[in-house]
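Structure record follows, encoded as structure tokens.
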Amino acid sequence: MPEVFIDGKRFEYDGDQRLLQFIQDKGLEVPFFCYHPSLSAPANCRQCLVKVGQPVKDRETGEYELDEDGNRVIRWFPKLQTSCNTMISDGMVVHTQETDDLVKRAQKDTLEFILINHPLDCPICDQAGECPLQIQTYKYGPEGSRFEVKKVHKPKRVQLGPRVILDAERCINCTRCVRFTDEISETHQLTITSRGDKNYPATAPGMEFDDAYSLNTVDICPVGALTSADFRFRARVWEMNQTPSIDITNSKGTNIDLWTRDNLVLRITPRFNEAVNNHWMPDEGREAYHLFNENRISKPLQKLDEGQTKSSWNNAFATVAEQLEDVSKDDVLLIGSSHASVEENYMLSKFASILGYNTPVFSSHIEEGKSDGFLLTDDVAPNANGCRLLGFKEVSGDELSKSVSSAKVILLLNDNVVDRGVINKDHLSNSFVISFATNHTDTTRNADLVIPITCVAEHAASYVNIDGRIQRSFPAKETKYTNRRLDFEMNEGRLDRYGTNFDNWVTEENKIDCLPFWIVINKISEEMGLDDFTFQSGREIMDEISSSVTPFEGVSYAKMDEESGIVIQKEKQTV
Amino acid sequence: MSTVDWKNYEPVLIPNIKDLHKIDVYRKNGGYEGWKAVLTDNEKWSDPKSVVNEVKSANIRGRGGAGFNAGLKWSFMPPADGGPRYLACNGDESEPGTFKDRKIFEYNPHIFIEGALIAAYAMEVTSIYVYIRGEYKAYIDMMEKAIQDAYDAGLIGKNIFGTDYSVEFYVHSGAGAYICGEETSMLESLEGKRGYPRVKPPFPAQKGLWGRPTTINNIETLSHVTSVINKGADWFKSVGAENHPGPLLYGISGHVNRPGVYELPSGMPILELINEVAGGMRNGKKLKAVIPGGSSTPVVRADQLDGVTMDSDSLREVGTMLGTAGMVVMDEDTDMVDMLWRITHFYHHESCGQCTPCRDGTGWLEKVMLKIKNGEGEIKDLDLLLDITTMMEGRTICALADAAAWPVRHTITRFRDEFEARCKKSVHAVA
């Protein structure tokens, strides 16, 4: 096994590896800015300089030459090397800032250079708190600056595109954004303009940076030069909670983080998952947070005369039980949803099988032409494959319209079938429609009873993506009935831990009066005199699914967390 | 006392022949005979390797500043694999003090074209690019005309002289960036990209233009190839200094009576160049300092110059370099602070901005120099400048940071009293 020595420690390695990546993988640290594991390494920030040497080999014998103490003779590179583009070779000896003063000095010097023309406006900069430049300056930078002359001034508040704003003075010209558009999104929309310390990223004259993936450049920008037009000045990062989740705007199952403060999701960023989305996500998915915050249904709604009125939970459960009591089993239609999780759909199907109703149907949500071969898919629902694997019958719009028109009672799980044109709202008028939904839509407005349920940001539930990979979300925001400090699935941020109820960021307003769908089913079945439903969490339901539904065999939350998703369906289904 | 017999030297690059830039005049004077011989004289030049070996043994040190053996550089090209291979000719001379290649473009373009063709054949190159700085508009036009004439005469193109060797020749105009004279950023520029130097390795011989094997040579270097082929490697080695042989174009500028480009053997004593070749100091002033090879080479004080000759060894002894042999001569009235500020301004303006130390360091140098120039500097600023140069040197992708740092370091150390005199006196009394 080839070996490499880093700061005197011996490591074994395999294959071609970049030194900087290897150092990071081993849990060691060398500061850097321009390097990104998914992009090329231009070695332009010069921050990751280390001292590199190779042992001298005897040309004839191929043995290492030894000095009088029996140590290998090392031939050092005359200059410090950038570790990001240095490939590891056998026997290489590396000294980082931990063991070499020259390296330490070089890294400090580079930071001093970077900072002389940097505006140092951290107090008003959105990047503060998650800024590699800030962090590395504290760790490796100079104590102060010797720069007593005028800084370079460059354009500020440049609207590069509809979603990205540039502050050129903060830019350190790492070219990550340029390389992103060249190598990942391949739109080539950005370049560096001008020369020397006056240069900054820009689009071609008259062109907009309207890349479908443009906001990834904001994520990878190591300073606050590129900011999101949407999230700018909304919140400081250290006031937010970061919760892992899954993108629900298409079937790719992009891994994301939800950033919440005071029970509002304020932004969505991609989370690394090499098997799904790498470091990236489409801009479209980032808009989804509006769905979690706005236009939510809070408290059940019942149709009285013309309009809908708020109703009590008890009344809602009693109404469902009452409606289901007098109707023949064949007249009940259960509609599952590719927009809802595996757990929710499973609850619906279990409810059907225990009460003897027909297996739920579902209609997949396809928007032709959306797919770009990368992270956007034609199927804009996150869980069509989950419904298929649960054995739901996939129906077309016509079939669904027909069965809707002939049913007496319809249980409709979170799917906006009216707005997306699968059925006409008039089809719903002949029957008693019970809609379990998260947001107000034309479908819920035409329902006779609307029961609000939790959305992906409020519960732990799993979704099967287009490639048959099951992944799950975590609750990111509280409802009226949950509490961050009592729910072990939820994480606590700095404010949760150290804030008090009297702090001005704590309000009750943003908590939605809704329940997880499985609790709703528990209550309804209780009302109907059944004792089969006692589920308290998605975790419990998944345990039951994995033991009763064949494709889900061996799936558990613990395994999903450990392996960041499990592929449960080998061959791809046609969508 | 001269060690070089320069007075009897017959120029070969820019000889005194009227209308030599015209192809028929050039051919009448033996032009393109070497090219013809290389392709058709199978006894003397059996294969491309034989040309490489001849040039290698002539020890043509690259005239673009780095001084690397041209033939050796050619031999780094991997064996031909049927795909495209390139020769890129570097005519982007933009360094202050350097103006020698323009004389070749202007007075003897065909000696360069012939040398480039011979080099192309030696390395089995399929296309030649000559990259000329954009400011040389007139010479770009002249080059284009000269190349077209050579095409029309059947010296470039398909199946030259009836052999199966074909090569294309293109002129590419720069757009005003000094950095594009750096060999790898010239390749980027030729590919139509921003002139950012590339990280080496891979070296251009492995992955150059469009990822194909490429050699980059200076215009003067390639022109010498013609002489080596015509007159032999031994003749070339017999001219000038032993370790840096051959004729050299000296571009002499500054406070001398007859500034200009002079073709003379290498290894000329600097003082003879100034006093005899360039007609002595202007207005009878005293010599103060010389920059021997373009603005990036460290300046030398007049009292260091006794016996110093223009070759790399002799110049290294006084702490400077030959560079491009573009000498800048300065008389006793020269303000070294102003001079250094102007140099730092140049490098600040020309830094491409790719690497942090150069991008921000060159600007810092200029701004502190401006402060000193305006009489607002303090003694500590001089130490700061010296510190910045150590922070920049050897930490960047290309050598521009070094080129910017050296003049600052050496001008301050060699003329420190002048800099201190311009600084404000410290307000704090020294105990």
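The values are calculated or read from the model by the stated rules, or taken from the named source; none is laboratory data. Small disclaimer: the values here were computed from a predicted structure and weren't measured. Note that each Cβ is placed from the backbone with ideal geometry, even for glycine, and that neighbours are counted across all protein chains shown.
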Kindly check whether there is at least one residue in region B:171-184 that is surrounded by fewer than 23 Cβ atoms within 10 Å (Cβ to Cβ), under 25 Å from B:Lys36 (Cα atoms) and at pLDDT 95 or above.
yes
Selection within region A:512-542 - free of Cβ contacts under 8 Å to residues at least 40 places away in the same chain and crowded, with 19+ Cβ neighbours inside 10 Å:
A:Ile519, A:Asn522
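Okay, residues lined up against (1) assigned by TED's automatic domain parsing to the domain that holds B:Ile291; (2) at pLDDT below 95; (3) charged (D, E, K, R):
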{"residue": "B:Ser46", "(1), (2), (3)": "no, yes, no"}
{"residue": "B:Ser50", "(1), (2), (3)": "no, yes, no"}
{"residue": "B:Arg61", "(1), (2), (3)": "no, yes, yes"}
{"residue": "B:Gly65", "(1), (2), (3)": "no, yes, no"}
{"residue": "B:Gly71", "(1), (2), (3)": "no, yes, no"}
{"residue": "B:Gly82", "(1), (2), (3)": "no, yes, no"}
{"residue": "B:Arg85", "(1), (2), (3)": "no, no, yes"}
{"residue": "B:Ala88", "(1), (2), (3)": "no, no, no"}
{"residue": "B:Glu93", "(1), (2), (3)": "no, yes, yes"}
As an exercise: evaluate A:Asp487 against (1) more than 20 Å from A:Ser556 (Cα to Cα); (2) out of contact with any Lys or Arg (no Cβ under 9 Å at 6 or more places or on another chain) and give the number of the one condition it does not meet.
(1)
Have a look at A:Ile114, A:Ile165 and point out the one that is under 36 Å from the mean Cα position of the chain (by Cα), within 14 Å of chain B (Cβ to nearest Cβ) and closer than 30 Å to A:Met207 by Cβ.
A:Ile114
Lone unmet requirement of (1) at the interface with another protein chain (Cβ under 7 Å from one of its Cβ atoms); (2) touching a residue at least 40 places away in the same chain (Cβ under 8 Å) for B:Asp360
(2)
Here is a list: A:Lys51, A:Lys108, A:Lys79. Which entry is under 30 Å from A:Glu143 (Cβ atoms), free of Cβ contacts under 8 Å to residues at least 60 places away in the same chain and more than 11 Å from chain B (Cβ to nearest Cβ)?
A:Lys51
Hey, among B:Glu10, B:Glu54, which residue is surrounded by fewer than 15 Cβ atoms within 10 Å (Cβ to Cβ) and under 13 Å from B:Ser227 (Cβ atoms)?
B:Glu10
Which listed residue, of B:Glu332, B:Glu350, is among the acidic types (Asp, Glu) and within 24 Å of B:Gly64 (Cα to Cα):
B:Glu350
Among the numbered criteria (1) surrounded by fewer than 21 Cβ atoms within 10 Å (Cβ to Cβ); (2) of a type outside the set (Lys, Arg); (3) more than 8 Å from every other protein chain (Cβ to nearest Cβ); (4) over 23 Å from the mean Cα position of the chain (by Cα), which single criterion is violated by B:Leu384?
(3)
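Would you list the helices (runs of 4 or more DSSP H) that sit entirely within region A:383-473 and hold 1 or more residues that are out of contact with any strand residue (DSSP E or B) (no Cβ under 9 Å at 6 or more places or on another chain)? Break it down stepwise before answering.
Details: elements: A:384-389, A:397-406, A:442-445.
Answer list for region A:383-473: A:397-406, A:442-445.
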Just for region B:32-51: of the residues that are aromatic (Phe, Trp, Tyr) and touching a residue at least 60 places away in the same chain (Cβ under 8 Å), which one is surrounded by the most Cβ atoms within 10 Å (Cβ to Cβ)?
B:Trp35
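Restricted to region B:165-192, and to residues that are among the aromatic types (Phe, Trp, Tyr) and out of contact with any strand residue (DSSP E or B) (no Cβ under 7 Å at 6 or more places or on another chain), which residue is nearest to the other protein chains (Cβ to nearest Cβ)?
Going residue by residue through region B:165-192, those that are among the aromatic types (Phe, Trp, Tyr) are B:165, B:169-170, B:178.
Filter again for out of contact with any strand residue (DSSP E or B) (no Cβ under 7 Å at 6 or more places or on another chain), leaving B:165, B:178.
Working: B:Tyr165: 37, B:Tyr178: 10 Å.
Once the filter is applied, the top-ranked residue is B:Tyr178.
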Could you identify the single residue in B:Gly326, B:Gly319, B:Gly307, B:Gly284 that is out of contact with any strand residue (DSSP E or B) (no Cβ under 9 Å at 6 or more places or on another chain), away from chain A (no Cβ under 14 Å) and not polar (S, T, N, Q)?
B:Gly284
Which pairs do you get when a residue that is charged (D, E, K, R), found in region B:264-283, comes within reach of a residue that is part of a loop (DSSP other than H, G, I, E, B) and at pLDDT 95 or above, reach meaning Cβ atoms under 7 angstrom, with the pair 6+ apart or on two chains?
B:Arg282/B:His255; B:Arg282/B:Asn257
On the given criteria, is A:Thr99 surrounded by fewer than 13 Cβ atoms within 10 Å (Cβ to Cβ), of a type outside the set (Asp, Glu) and in a loop (DSSP other than H, G, I, E, B)?
no
Please name all residue pairs, on different chains or six or more residues apart, with Cβ atoms under 6 Å, provided the first residue is in region A:229-249 and is touching a residue at least 60 places away in the same chain (Cβ under 8 Å) and closer than 28 Å to A:Gly565 by Cβ and the second residue is in a loop (DSSP other than H, G, I, E, B) and charged (D, E, K, R).
A:Val237/A:Glu130; A:Pro244/A:Arg271
Only one of (1) in a loop (DSSP other than H, G, I, E, B); (2) in contact with an Asp or Glu (Cβ under 8 Å, 6 or more places away or on another chain) is not met by A:Thr359, so which one is it?
(2)
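Name the strands (runs of 3 or more DSSP E) wholly within region A:169-276 that hold at least 1 residues that are under 23 Å from the mean Cα position of the chain (by Cα)? Before the answer, list the steps.
On the way: elements: A:190-193, A:200-203, A:226-228, A:241-246, A:255-261, A:264-270.
Of the strands (runs of 3 or more DSSP E) lying wholly inside region A:169-276, those with at least 1 residues that are under 23 Å from the mean Cα position of the chain (by Cα) span A:226-228, A:241-246, A:255-261, A:264-270.
For region A:23-82, which positions are outside any loop (DSSP other than H, G, I, E, B) and among the β-branched types (Val, Ile, Thr)?
The initial filter retains those residues of region A:23-82 that are outside any loop (DSSP other than H, G, I, E, B), namely A:23-25, A:49-55, A:57, A:64, A:66, A:72, A:74-76, A:81-82.
Passing the criteria: A:Ile23, A:Val50, A:Val52, A:Ile74, A:Thr82.
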Restricting attention to region A:147-156, does a residue exist that is crowded, with 20+ Cβ neighbours inside 10 Å and within 12 Å of chain B (Cβ to nearest Cβ)?
yes
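Could you tell me whether A:Leu348 is surrounded by 21 or more Cβ atoms within 10 Å (Cβ to Cβ) and either out of contact with any Pro (no Cβ under 9 Å at 6 or more places or on another chain) or in a loop (DSSP other than H, G, I, E, B) (or both)? Break it down into steps so the answer makes sense when it comes.
Values: surrounded by 21 or more Cβ atoms within 10 Å (Cβ to Cβ): yes; either out of contact with any Pro (no Cβ under 9 Å at 6 or more places or on another chain) or in a loop (DSSP other than H, G, I, E, B) (or both): no.
Criteria not met by A:Leu348.
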Of those in region A:168-213 that are more than 12 Å from every other protein chain (Cβ to nearest Cβ), buried (at least 22 other Cβ atoms within 10 Å of the Cβ) and among the hydroxyl-bearing types (Ser, Thr, Tyr), the residue farthest from A:Asn117 (Cα to Cα) is A:Tyr213
Of all residues in region B:298-317, count the ones that are crowded, with 16+ Cβ neighbours inside 10 Å and under 17 Å from B:His244 (Cα atoms).
7
Please determine, by comparing only the residues of region B:94-130 that are assigned to a loop (DSSP other than H, G, I, E, B) and over 20 Å from the mean Cα position of the chain (by Cα), which one is farthest from B:Pro48 (Cα to Cα).
B:Thr126
Output yes when any residue across region B:76-92 is under 20 Å from the mean Cα position of the chain (by Cα), at positive phi and either touching a residue at least 24 places away in the same chain (Cβ under 8 Å) or assigned to a helix (DSSP H, G or I) (or both), and no when none is.
no
List the number of the failed condition for B:Thr396; all other conditions in (1) more than 20 Å from the chain's Cα centre (by Cα); (2) more than 14 Å from chain A (Cβ to nearest Cβ) hold.
(2)
